[in-house]
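Since every read-out is calculated from the coordinates, none of them should be taken as a lab result. All values derive from a computational prediction rather than experimental measurement. No Cβ is skipped: glycine too gets one built from the backbone with ideal geometry, and neighbour counts run over all protein chains shown.
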Amino acid sequence: MAESRVNLQQPVTQIATEIYDMHTLMLVICMVIFIAVFGVMFWSVFAHRKSKGAVAAHFHENTTVEIVWTVVPVLILLGMAYPATKTVIAMKDTSNPDITIKATGYQWKWGYDYLKGEGEGVKLISNLSTPSEQLDGRQAKGDNYLLEVDQPLVVPVGKKIRILTTANDVIHAWWVPALGVKQDAIPGFIRDTWFRADKEGVFRGNCAELCGKDHGFMPIEVHVVSAEKYAAWVAEKKGAQAASADDPNKVWDLADLKVRGEKVFAANCAACHQADGKGLPPAFPPLDGSAVVQGPKIAQIDTVLKGREGTAMAAFGKQLSDTDIAAVITYTRNTWGNHTGEAIQPTEIAAAR
Amino acid sequence: MAAVIPDHLHDHHHHGPTGLMRWITTTNHKDIGTMYMIFSFIMFLSGGVMALTIRAELFQPGLQVVQPEFFNQLTSMHGLVMVFGAIMPAFVGFANWQIPLMIGASDMAFARMNNWSFWLLPPAAILLLGSFFVPGGAMAAGWTMYAPLSVQMGMGMDMAIFAIHIMGISSIMGAINIVVTVLNMRAPGMTMMKMPLFCWTWLITAYLLIAVMPVLAGAVTMVLTDRHFGTSFFNAAGGGDPVLYQHVFWFFGHPEVYIMILPAFGIISEIIPTFARKPLFGYASMVYATASIAILSFTVWAHHMFTTGMPAVGQLFFMYATMLIAVPTGVKVFNWVATMWRGSLTFETPMLWATGFIFVFTIGGFTGLICAVAPIDIQLQDTYYVVAHFHYVLVAGSLFALFAGAYYWLPKWTGHMADERLGKIHFWCSMVFFNITFFPMHFLGLAGMPRRIPDYALQFADFNAMATIGAFGFGFSQLIFIVVLVKCVKGGEKAAARAWEGAHGLEWTVPSPAPHHTFEVPPVVK
């Protein structure tokens, strides 16, 4: 990642370069005005002191001066507005993309669907991969602390990538500074933005809109790679997706479901309900000993599929497969202090949808 | 401008109730002004404790002091408490004390309503601060309370909504009182264009308050009904739109920014001429600039929303309108500097604060201009750059002006001069620590640190450590002000009626401290 500590990150797209230069230009203009105005003020502070025998003048208006210092700023502003207008229009031009990717904000991770262009059909969920031991100081912090994910977004260099943003629960914002892109992801609506990276590399960003407890822990990692590497990555992803596709009618036994469910739980549920199932009440209720988890399974299936309106409990129906949902429900009903002994099958989830 | 105060009028305050009941039942503008200021100072300290807890957590990367959920509660409540509990009531307190004194009125126009608009505030504060102790804790959706996140919150959110309703009613009543007082109760001969600029800025601010507080009430009420009564104003599944909330909120929110800064401009415009011993440069253009800022403030709200995905035309309109505000704001700064030019300057504590205000507030003005440019703002929106920007205008702007005003008028309020040495130490400590705290935040934001996060990547560590050290320095510097206040109330050098050599205006024609009742016979202004 571009190691900028005092200025905008090193830009890698045309738009980001324009923004960088525009900011530099404005900074210089503001500095010049600042020095001029405060040069006058500090000269006055220094020289026009009563202790130095200064006698107050009596002027209190001057129409010419007042018109000048109204008109000149207007002209400077017009000069600033011109390049800004061009960039705004360029940023909005999302036409003719090579690849279209939908980025969906979830509390608290990003999901990516490659909708059009090379790689169409690839789906991935991108979770923070920094271990929690690094957060609470039990382990030394890595170089990319809080800026690393398990499955990064991969795109080819030099291609126009259109990002559609939306969200599943609350508003998020998809932001990668080096690419010059920040776009809110709004639940129930689709917005779009675009970038064309001029060079290969790994570029990192964050969710930029407050989205609840783990807002600070849903980074974005974009790998810009060569066309060949991208093709290879797409082939590998598609192969893996086909291989891991589950037979929806398979009948699972309890032990296998629990093993799989534990992984699903760690990736999707533990942030709120905690790995020990105790939750963070009252916002995030415990599952250990919960009446819902120990009660009729259909109620729990319904909650996981459709979420709970007005709470942070998301609808996982569209995020997870039948098998994953069956596994995670089975896991919660047969771990900690919960011992229902039930194995929920994927077919039951499909039936409840 | 001679004030005639017959001696027998001085004794009236002995007839009312005493002790606590005096304060609960008072309709005197000076008592109410004092209560506003004490209230706002308590809220300032509460919000300050929250800020220091936030900075303590951000001192180093990793989670050490608080957990993310509580961190979000702190940032949200810090904003609400400082905006609605500290800055706004403090300015209303100044208005209560000073406007009748400055226009030669005997009291505010609606004295009983004045009492009521103050006494609404403590219950609102209890609702806000008490929400930390209810199940689920305080509201954690940011002071902006964006839906649908605010719909997810626990009952702390409902308490915040009711607190905002109550504070809104209080502000509207206060604003109506100020408008009526200024328009109807000026002393004979005091035409509008002879009025002190502080009264002008407050008159315009009061109109802004009346216009936008109901808008905020509407926004939070819609959140309330979305939360509990099945409406879908902000829920796409029910035909609503989350972005609607932002439009309504910022239609309130941007004029709100000027509500918090225009009275500050007024205070500075009183102090600079006094210590330059020279009339304010461009009085008429100051009035017009204030009015232009107020009118423009209604046309710029969506510059807070450049990343929501507005059409290009929308972005361009709001960008141009926002850049335009730089013009009248620039005029004000030029006028202040021109007032100082070839004056006969002295730097007593109020003047130090006022000069410091112009210097640091202007930095906040420039970063505001940079944020106005939509493409740059899209990079900086929701980063620490924005945090730096609005603390430069709200702390170095509003708060420094409040301190300037307090040091300026304390002699009139207490009858004693404030301790100059302590006041100057307070100023220099605040100035230095303020910049240590907030200047590095520009760099953090540019380099890509989002705001409202409890933990951050390692390349942000150095500047965060610096900001935290500065914040604690700034926080503890404010304790000096408590010492100054206590000393000033208890005793000190007796203040003359005209406490400052170069001061003009009706408030300096009455004795110090100002008697309980002033201008029962209106003065005549020539």
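Observations on the model:
- Antiparallel content of DSSP bridges confined to chain A, in %, to 5: 70 percent
- From least to most packed, judged by other beta carbons within 10 angstrom and beginning with the fewest, B:290, B:205 follow the order B:290, B:205.
- Under 30 Å from the Cα of residue B:490 - lysines, other chains or at least 8 residues apart: B:30, B:412, B:424
- Taking a ≥ b ≥ c as the square roots of the eigenvalues of the alpha carbon gyration tensor, the range A:40-144 is oblate, as a/c is not under 1.5 and a/b does not beat b/c.
- When only Cα pairs below 8 angstrom with a gap of at least 6 residues are kept, chain B shows a relative contact order of 21 percent.
- Summing +1 for each Lys or Arg and -1 for each Asp or Glu among the other residues whose beta-carbon sits under 12 angstrom from that of residue B:501 gives +2.
- Percent of Cα pairs exceeding the 17 Å cut-off, where the set is the range B:95-223: 63 percent
- Overall Cα dimensions of the protein assembly as shown, principal axis frame, Å, largest first: 99, 59, 47
- Cα principal axis extents for chain A, largest first, Å: 94, 51, 39
- Applying the Kirkwood pairwise sum to the alpha-carbon positions of chain B produces a hydrodynamic radius of 23.7 angstrom.
- Note on the range A:246-318 and the range A:1-71: Cα centroid distance 57 Å, given to the nearest whole angstrom.
- Student exercise, chain B dipole from Lys, Arg, Asp, Glu Cβ charges, in Debye to nearest 20: 960 debye
- Relative pair counts by distance (%), Cα atoms of the range B:377-436, 5 Å bins: 5, 15, 20, 19, 14, 10, 7, 5, 4, 2, 0
- Once the C-beta distance of residue B:228 and residue B:42 is scaled by a Förster radius of 41 Å, the resulting FRET efficiency is 0.85 to the nearest 0.05.
- Cα-based convex hull volume of the range A:110-173 per residue, rounded to whole Å³: 118 Å³
- Based on every Cα atom in the range A:259-302, Rg and the maximum pairwise Cα distance Dmax equal 10.6, 28 Å.
- The alpha carbons of the range B:41-100 give a radius of gyration and a Dmax of 14.9, 53 Å, in that order.
- Across peptide A:68-78, the average count of Cβ atoms from other chains found within 10 Å of a residue's Cβ is 5.
- Ranked packing of B:153-166, A:118-131, most packed first, by mean Cβ within 10 Å: B:153-166, A:118-131
- Straight-line cross-link reach from residue A:258 at under 25 Å between alpha-carbon atoms covers these lysines, not counting any fewer than eight positions away in the same chain: A:109, A:123, A:250, A:278, A:297, A:306, A:318.
- Taking label points 7 Å from Cα along the Cα-to-Cβ direction, residue B:112 and residue A:72 give a separation of 5.7 nm.
- Net lengthening on full extension, residue A:240/residue A:299 (0.36 nm per residue, minus Cα-Cα): 17.9 nm
- Charge dipole of the protein assembly as shown about the Cα centre (unit charges at C-beta), most positive-ward option of B:341, B:161, A:91: B:341
- Distant-in-sequence amide contacts of residue A:173, defined by a placed amide H-H separation under 5 Å and a gap of 5 or more residues or a different chain, comprise A:185, A:208, A:209.
- Taking every DSSP helix (H) stretch of at least 4 residues in chain B, weighting each as -39,500 (n - 2.57) and dividing the sum by the residue count yields a mean residue ellipticity at 222 nm of -22000 deg cm²/dmol.
- For residue A:50, the aspartates and glutamates whose Cα falls under 16 Å of its own Cα, not counting residues fewer than eight places away in the same chain, are B:348, B:501.
- For the range A:254-352, the relative contact order is 33 percent, taking Cα pairs closer than 8 Å that sit 6 or more residues apart in sequence and dividing their mean separation by the residue count.
- Length-normalised contact order for chain A - Cα pairs under 8 Å, 6+ apart - percent: 14 percent
- Residues residue B:21 and residue B:66, FRET efficiency given R0 of 35 Å [Cβ-Cβ distance, rounded to 0.05]: 0.25
- Residue-averaged beta-carbon neighbours from other chains (10 angstrom radius) around A:162-168: 1
- Of the residues B:237, B:82, B:53, the one whose Cα sits farthest towards the positive end of the charge dipole of chain B is B:82 (charges of +1 on Lys and Arg Cβ, -1 on Asp and Glu Cβ, taken about the Cα centre).
- Averaged over A:171-181, number of beta-carbon atoms from partner chains that fall within 10 Å: 4
- The residue A:223 and residue B:56 beta-carbon pair, evaluated with R₀ = 35 Å, returns a calculated FRET efficiency of approximately 0.45.
- DSSP finds beta bridges in the protein assembly as shown, and of those with both partners inside it, around 70 percent are antiparallel.
- The listed peptides A:150-163, A:101-114, B:260-273, A:61-74, ordered by packing as a protection proxy, come out as B:260-273, A:101-114, A:150-163, A:61-74 (highest mean of other Cβ atoms within 10 Å first).
- The alpha carbon gyration tensor of the range A:254-352 gives principal lengths a ≥ b ≥ c with a/c below 1.5, which makes the shape rounded.
- With the convex hull of the Cα atoms taken as the outline of the range A:99-244, the averaged projected area works out to 8.9 nm².
- Value of D in µm² per second that Stokes-Einstein yields for the range B:334-464, Kirkwood Rh from Cα pairs, at 10 °C (1.306 mPa s): 97 µm²/s
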